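Inspection log for the structure reproduced underneath, given as structure tokens.
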Amino acid sequence: MGLFSFGSKKNKVIKMLSQGDLEDIIISAMKDKKYVDAIIELLDEKNPGLKGDALLLLGELVSRHKDLMMEYVEAGLPLKALLLVNDPDPYVKENAMQAFELMLRFFPWIEGMFRDEIVEELIDILEKGDKNRKAFAMLMLKKLKVRGALPMIEQFKDVNEAVILPLEGVKWVSLGEIAREVIKDLGGEMND
């Protein structure tokens, strides 16, 4: 870290993003937490490209450098990522889905720490989101074992519309197929 390394690194991160230096940003973040702070600052940007890139970087940092990201996750980063699933921009939405899922996978204890807020937001997405967001919410509710969501999920078991999620193995699967899988995994009844 340089002698005069103070202030935000936001403009430096934006410049690095414009040059496609994602790996350099990750390396810099390992050396100086101000880069992580700057990436998180970008989540509040109006520019969807910057927001989406920030989420992509956060997902990489979470999966590759858990120790570095621990304090940010504890401070509520998963909730911030989850709220961005509702962003109208597809790049932001998809990277928010990936970042949140990675946080849940690499920091499973966040379920206990933020369970009420996470479940409330997922239920809201299930009620108001488009088909892709609904499918994402169902999969996350399954992961969190929220049996209370079963009555809402059951209403989607016969929907044949295909969804595309940025999660492994979930492209062009019908919303109904996802709903049926979630219902089965949560121990719900399948009334056919």
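The values are calculated or read from the model by the stated rules, or taken from the named source; none is laboratory data. Remember, it's a predicted structure, so these values are computed and weren't measured experimentally. Because the Cβ atoms are built from the backbone with ideal geometry, glycine has one as well, and the counts that use them run over all protein chains shown. All accessible areas refer to the heavy atoms of the entire protein, side chains included, with ligands and DNA or RNA removed. Shrake-Rupley method; radii C 1.70, N 1.55, O 1.52, S 1.80 Å.
On the given criteria, is Glu101 open to solvent by less than 40 Å² (accessible area, probe 1.4 Å), in a helix (DSSP H, G or I) and of a type in the set (Asp, Glu)? Write out each step before concluding.
Details: open to solvent by less than 40 Å² (accessible area, probe 1.4 Å): yes; in a helix (DSSP H, G or I): yes; of a type in the set (Asp, Glu): yes.
When the stated conditions are applied, Glu101 passes them.
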Practice problem: State yes or no: is Ser18 surrounded by fewer than 21 Cβ atoms within 10 Å (Cβ to Cβ), closer than 29 Å to Lys143 by Cβ and of a type outside the set (Phe, Trp, Tyr)? | Solution: no
Self-check item: Hey, Gly7 more than 27 Å from Phe114 (Cβ to Cβ) and either open to solvent by 20 Å² or more (accessible area, probe 1.4 Å) or in contact (Cβ under 8 Å) with a residue 40 or more places away in the chain (or both) or not
Solution: yes
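Among the listed residues Ile178, Ile110, Ile125, Ile183, which satisfies the condition of being over 18 Å from Leu79 (Cα atoms), among the β-branched types (Val, Ile, Thr) and either open to solvent by 70 Å² or more (accessible area, probe 1.4 Å) or out of contact with any strand residue (DSSP E or B) (no Cβ under 8 Å at 6 or more places or on another chain) (or both)? So that I can check it myself, show each step before the final result.
Numbers: Ile178 fails: either open to solvent by 70 Å² or more (accessible area, probe 1.4 Å) or out of contact with any strand residue (DSSP E or B) (no Cβ under 8 Å at 6 or more places or on another chain) (or both); Ile110 fails: over 18 Å from Leu79 (Cα atoms); Ile125 fails: over 18 Å from Leu79 (Cα atoms).
On inspection, the qualifying residue turns out to be Ile183.
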Practice problem: Answer yes if at least one residue in the stretch 111-132 is outside any helix (DSSP H, G or I) and either over 17 Å from the mean Cα position of the chain (by Cα) or over 23 Å from Asp87 (Cα atoms) (or both), and no otherwise. | Solution: no
Practice problem: Filter the stretch 22-58 down to the residues that are surrounded by 21 or more Cβ atoms within 10 Å (Cβ to Cβ) and over 19 Å from the mean Cα position of the chain (by Cα), then identify the one that is farthest from Asp87 (Cα to Cα). | Solution: Ala29
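Can Gly76 be described as on the phi > 0 side of the Ramachandran plot, surrounded by fewer than 23 Cβ atoms within 10 Å (Cβ to Cβ) and not basic (Lys, Arg)?
In short, yes.
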